[in-house]
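One structure below.
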């Protein structure tokens, strides 16, 4: 088991797989999905959530999602029920993720937006690349270089790649770009 703390957010990555029945994406039927190393998230203000990178039956791409929250889910964490999901690309035995964070950017609620290294460092409260690298093998770069077929909305943004099923650096990214971005009210300060 691996654990770390970022400000008020604590995370534990478990070694026991979890299987759920859920829809891997809007409009798709519910199927079985397994996360081999799910993570538990908690905060000093009482929020508790569980997250996993699920490999769903019949779906090529692993889907990272919060699959459980302790009721009641109060602000700002309620946004994670809809906006905390990520679809990973699979390229050359690696899982590849675009680096995007929940940010208030012209809407009354946070949406996923591209981020810079400086913004990631601000959200993490430390050097993000060093932090993520301390949790496993990870490579950072332009997302489109990792995933040549990437669409233009994500191709020129930052991305990260890890060996398939090595979730430590990916969970660090989720912690920084989802709950920490919400707690720090990313985008509201200018």
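Flag: residue 32 does not match the condition of being modelled with pLDDT of 95 or more and under 18 Å from the mean Cα position of the chain (by Cα).
Can you say whether residue 29 is without any contact (Cβ under 8 Å) to a residue 24 or more places away in the chain and surrounded by 18 or more Cβ atoms within 10 Å (Cβ to Cβ), as far as the supplied structure shows? In short, no. Being touching a helix residue (DSSP H, G or I) at 6+ places or on another chain (Cβ under 6 Å), modelled with pLDDT under 95 and either part of a helix (DSSP H, G or I) or surrounded by 17 or more Cβ atoms within 10 Å (Cβ to Cβ) (or both) is a description that applies to residue 154.
Of all residues in the range 96-114, those satisfying the criterion of being touching a helix residue (DSSP H, G or I) at 6+ places or on another chain (Cβ under 7 Å) and within 22 Å of residue 146 (Cα to Cα) are 96, 97, 98, 99, 100, 101, 112. A single entry from 161, 172 fulfils the requirement of being within 15 Å of the chain's Cα centre (by Cα), on the phi < 0 side of the Ramachandran plot and part of a helix (DSSP H, G or I): 172.
So for the range 14-24 (the condition being in contact with a strand residue (DSSP E or B) (Cβ under 7 Å, 6 or more places away or on another chain) and in contact (Cβ under 8 Å) with a residue 60 or more places away in the chain), does at least one residue qualify? Checked the range 14-24: no residue is in contact with a strand residue (DSSP E or B) (Cβ under 7 Å, 6 or more places away or on another chain) and in contact (Cβ under 8 Å) with a residue 60 or more places away in the chain.
The values are calculated or read from the model by the stated rules, or taken from the named source; none is laboratory data. Remember, it's a predicted structure, so these values are computed and weren't measured experimentally. Every residue, glycine among them, receives a Cβ derived from its backbone with ideal geometry; neighbour counts consider all protein chains shown.
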